[in-house]
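Take a look at the structure below.
The values are calculated or read from the model by the stated rules, or taken from the named source; none is laboratory data. The structure presented is a predicted model; accordingly, all values stated were derived computationally and were not measured. Virtual Cβ from ideal backbone geometry, glycine too; neighbours counted across all protein chains shown. The protein model used for the area step is the full one, side chains on, heavy atoms only, and it has no ligands, DNA or RNA in it. Shrake-Rupley method; radii C 1.70, N 1.55, O 1.52, S 1.80 Å.
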Amino acid sequence: MFHPKGPGLGELIHQGLQSVERGYDLLAPKFDYTPFRTPEDVLTASFALAGAPRSVERALDVCCGTGAALRHLRPLCRQDVVGVDVSQGMLDEARRNVEHAPGEARVELVRGDALALPWREAFDLVTSFGAFGHILERDEPRLVEGIHRALRPGGRFLFVTADGPSPWRPGYWMARAFNAAMHVRNALWRPPFVMYYLTFLLPRARSLLEAQGFHVAVHRDTLPERYARAGLCVVIATRA
């Protein structure tokens, strides 16, 4: 966690006592040097399923952060790539990171709420990486509804999630302990900071997506072996 260019423990604690928006504004300049950023090999393997260069007209990345996925989306798109995030600090970093990314598609960065996406049948592809822990379980249906609304018929929603973890794995109890600490923090401190592990896992994600009319395909052999062994998978949900 403590990369020489990343945040120290004190910085992380200070950021965790802010709102999600303010916390990520503070974290943004060092975010790419934290374990919270989706690993590049996971992104590369995931986007290998998205199609050939220039095979997508318009794409949206939800909770785009510093633009890691946008760098992969731009060469895929012929027209537009849009990133939306609640943190202006993250969007500022994304602008710098994507400015010289390969591809010719226009890049638009929008400050906004993932639960209130304003687009209707505007995109052929929607992606989201590393963001689900910032969505409360009660709000996950709204997220899925908004993505369904933003996609054109036949459009795809691509993301990475995991099977339900085994309670026999140490990581399960670490995640549960972290979630418990966050619940206590949010009960005692305002504003809340929404960040939980083990969210939007495959069984629940599949159920919510199919209820919204998506066809769900799960790809387990795409990611590097160490991620596949941990139960991660790439999901492509296609809107009817």
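General observations
- Comparison of ASP32, ASP25, ASP61, ASP85 shows that the only residue that is at pLDDT below 95 and under 28 Å from PRO141 (Cα atoms) is ASP25.
- Candidate set: segment 146-193, residues that are part of a loop (DSSP other than H, G, I, E, B), within 29 Å of GLN15 (Cβ to Cβ) and aromatic (Phe, Trp, Tyr); chosen: the one nearest to the chain's Cα centre (by Cα): PHE193
- Of ALA69, ALA45, ALA50, all but one fail to be under 14 Å from the mean Cα position of the chain (by Cα) and at pLDDT 95 or above; the exception is ALA69.
Yes or no, residue by residue, for (1) touching a residue at least 40 places away in the same chain (Cβ under 8 Å); (2) closer than 14 Å to VAL20 by Cβ:
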{"residue": "GLN79", "(1), (2)": "no, no"}
{"residue": "LEU109", "(1), (2)": "yes, no"}
{"residue": "ASP113", "(1), (2)": "no, yes"}
{"residue": "LEU117", "(1), (2)": "yes, no"}
{"residue": "ALA122", "(1), (2)": "yes, no"}
{"residue": "VAL126", "(1), (2)": "yes, no"}
{"residue": "ILE135", "(1), (2)": "yes, yes"}
{"residue": "GLY146", "(1), (2)": "no, no"}
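- Pick from segment 194-215, criterion in a loop (DSSP other than H, G, I, E, B) and over 13 Å from ALA237 (Cα atoms), ranking: most open to solvent (accessible area, probe 1.4 Å): TYR197
- Filtered residue count, segment 75-106, keeping only those that are more than 18 Å from the chain's Cα centre (by Cα) and surrounded by fewer than 21 Cβ atoms within 10 Å (Cβ to Cβ): 12
- Filter result for the condition that a residue is surrounded by 18 or more Cβ atoms within 10 Å (Cβ to Cβ), in contact with a Cys (Cβ under 9 Å, 6 or more places away or on another chain) and not in a loop (DSSP other than H, G, I, E, B), over LEU143, LEU125, LEU60: LEU125
- Count of segment 14-57 residues, restricted to those that are part of a helix (DSSP H, G or I), of a type in the set (Gly, Ala, Ser) and more than 25 Å from PRO4 (Cβ to Cβ), is 2.
- Residue match in segment 80-99 (condition: out of contact with any Asp or Glu (no Cβ under 7 Å at 6 or more places or on another chain) and closer than 20 Å to GLY154 by Cβ): yes
- Close Cβ contacts (under 6 Å, 6 or more residues apart or on different chains) running from residues in segment 35-47 that are aromatic (Phe, Trp, Tyr) to residues that are buried (at least 19 other Cβ atoms within 10 Å of the Cβ) comprise PHE47/HIS72.
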